[in-house]
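First comes the structure, then the notes that go with it.
The values are calculated or read from the model by the stated rules, or taken from the named source; none is laboratory data. This is a predicted model, so every value here is computed, not measured. All Cβ positions, glycine included, derive from the backbone under ideal geometry; neighbour counts span all protein chains shown.
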Amino acid sequence: MPPTSPDEPIALLEGACRTYQRGELRVPALADVDFRLERRELVALTGPSGCGKSTLLNVISGVDRADAGRVRVCGQDLVAAGESQLTLLRRRHIGVVFQDFQLMPNLTAAENIGLPLALDGRPDPARVAELLERVGLAGRATHYPSELSGGEQQRVAVARALVHRPELVVADEPTGNLDSQSGADVLELLFEVRLEEGAALVIATHDRELAARADREVRLRDGRLQPDETATT
């Protein structure tokens, strides 16, 4: 369900922890993270590779679960939610751009983009066509992922994350596989969606220019938020 109050943040983490088991070792990926994201806010999540950025995005989006602490997103307690509740939450309220695309190989570009709506029983071909045009792939609608370049697959993944007009978008290096112009176009689309549809954005990035355009920069190191969350260059 959507947030019960307009004053409630779109995402709130308090003391969130996530630890992975690697053989006999327990490796902390997130350690006592407090994070608050307001409606329509754009946050750039930065830090060295392996610092926990992807894990934090996964916890916020319900793709992964915190081991401890509180995680409340779009009005739901994600720690207590069942898998079906998390699936519906992402399908209706959260858009996710994965680093490795995660496109369905047996679906065309158009079908991949429209999948969240199709699974929710509300297909919208016009919305799919609009996003194909906006990411520059109108002529590739019937192509399968294996027939698309890495950059084209990334643009399909971005369009899929936006198709259901989510309240929250989390993106893991969304321009990492794009040339500079395509990357700039994708970022402009994300920024436009934020303004037009009121989505909040959390973007993991190494791009200093992107971080400078955010409302706020949140730095991670060794799974912990760094004290200074104000973007500086």
Task: Single condition Leu86 does not satisfy, out of (1) more than 18 Å from Leu201 (Cβ to Cβ); (2) among the aliphatic types (A, V, I, L, M); (3) more than 15 Å from the chain's Cα centre (by Cα) - done: (3)
Task: Filter result (closer than 20 Å to Leu187 by Cβ and small (Gly, Ala, Ser)) within the range 127-137 - done: Gly136
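In this structure, does Val128 turn out to be under 30 Å from Ala212 (Cα atoms), modelled with pLDDT of 95 or more and either out of contact with any helix residue (DSSP H, G or I) (no Cβ under 6 Å at 6 or more places or on another chain) or outside any loop (DSSP other than H, G, I, E, B) (or both)? If you could, list the steps in order and put the result at the bottom.
Working: under 30 Å from Ala212 (Cα atoms): no; modelled with pLDDT of 95 or more: yes; either out of contact with any helix residue (DSSP H, G or I) (no Cβ under 6 Å at 6 or more places or on another chain) or outside any loop (DSSP other than H, G, I, E, B) (or both): yes.
In short, no.
Here's the yes/no breakdown for (1) basic (Lys, Arg); (2) in contact (Cβ under 8 Å) with a residue 60 or more places away in the chain; (3) touching a helix residue (DSSP H, G or I) at 6+ places or on another chain (Cβ under 8 Å):
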{"position": "Gln154", "(1), (2), (3)": "no, no, yes"}
{"position": "Leu187", "(1), (2), (3)": "no, no, yes"}
{"position": "Ile203", "(1), (2), (3)": "no, yes, yes"}
{"position": "His206", "(1), (2), (3)": "no, yes, no"}
Open item on the list: The conditions are (1) under 20 Å from Ser49 (Cα atoms); (2) crowded, with 21+ Cβ neighbours inside 10 Å; (3) at pLDDT below 90, and Gly176 fails exactly one of them. Which is it?
Closed with: (2)
TODO: May I ask you to list the residues in the range 156-180 that are touching a helix residue (DSSP H, G or I) at 6+ places or on another chain (Cβ under 8 Å) and over 16 Å from Gln99 (Cβ atoms)?
DONE: Ala159, Leu162, Val163, His164, Arg165, Pro166, Glu167, Leu168, Asp179
TODO: Of the conditions (1) surrounded by fewer than 15 Cβ atoms within 10 Å (Cβ to Cβ); (2) within 22 Å of Leu162 (Cα to Cα); (3) modelled with pLDDT of 95 or more, Leu78 clears all except one; give me its number.
DONE: (1)
Open item on the list: If I filter the range 101-118 for residues that are of a type in the set (Asp, Glu), farther than 19 Å from Glu197 by Cβ, modelled with pLDDT of 95 or more and surrounded by fewer than 21 Cβ atoms within 10 Å (Cβ to Cβ), do I get at least one hit?
Closed with: yes
TODO: Filter the helices (runs of 4 or more DSSP H) completely within the range 148-233 down to those with at least 2 residues that are farther than 24 Å from Leu13 by Cα and not acidic (Asp, Glu).
DONE: 150-162, 180-197
TODO: Select from the range 10-62 the residues that are under 27 Å from Arg213 (Cα atoms), basic (Lys, Arg) and touching a Lys or Arg at 6+ places or on another chain (Cβ under 9 Å) and list them in ascending order.
DONE: Arg40
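Does Arg208 count as basic (Lys, Arg), over 19 Å from Val128 (Cβ atoms), touching a strand residue (DSSP E or B) at 6+ places or on another chain (Cβ under 9 Å) and surrounded by fewer than 24 Cβ atoms within 10 Å (Cβ to Cβ)?
Values: basic (Lys, Arg): yes; over 19 Å from Val128 (Cβ atoms): yes; touching a strand residue (DSSP E or B) at 6+ places or on another chain (Cβ under 9 Å): yes; surrounded by fewer than 24 Cβ atoms within 10 Å (Cβ to Cβ): yes.
Yes: the conditions hold for Arg208.
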Open item on the list: Could you tell me how many of the residues in the range 3-50 are of a type outside the set (A, V, I, L, M), within 17 Å of the chain's Cα centre (by Cα) and in a loop (DSSP other than H, G, I, E, B)?
Closed with: 6
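Would you say Arg127 is free of Cβ contacts under 8 Å to residues at least 40 places away in the same chain, surrounded by 21 or more Cβ atoms within 10 Å (Cβ to Cβ) and of a type in the set (Lys, Arg)?
Values: free of Cβ contacts under 8 Å to residues at least 40 places away in the same chain: yes; surrounded by 21 or more Cβ atoms within 10 Å (Cβ to Cβ): no; of a type in the set (Lys, Arg): yes.
No, not satisfied.
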Task: Pair list, Cβ under 7 Å, 6 or more apart: the range 133-145 residue of a type in the set (Ser, Thr, Tyr) and modelled with pLDDT of 95 or more, other residue surrounded by 14 or more Cβ atoms within 10 Å (Cβ to Cβ) and not in a helix (DSSP H, G or I) - done: Thr142/Thr108; Tyr144/Thr108
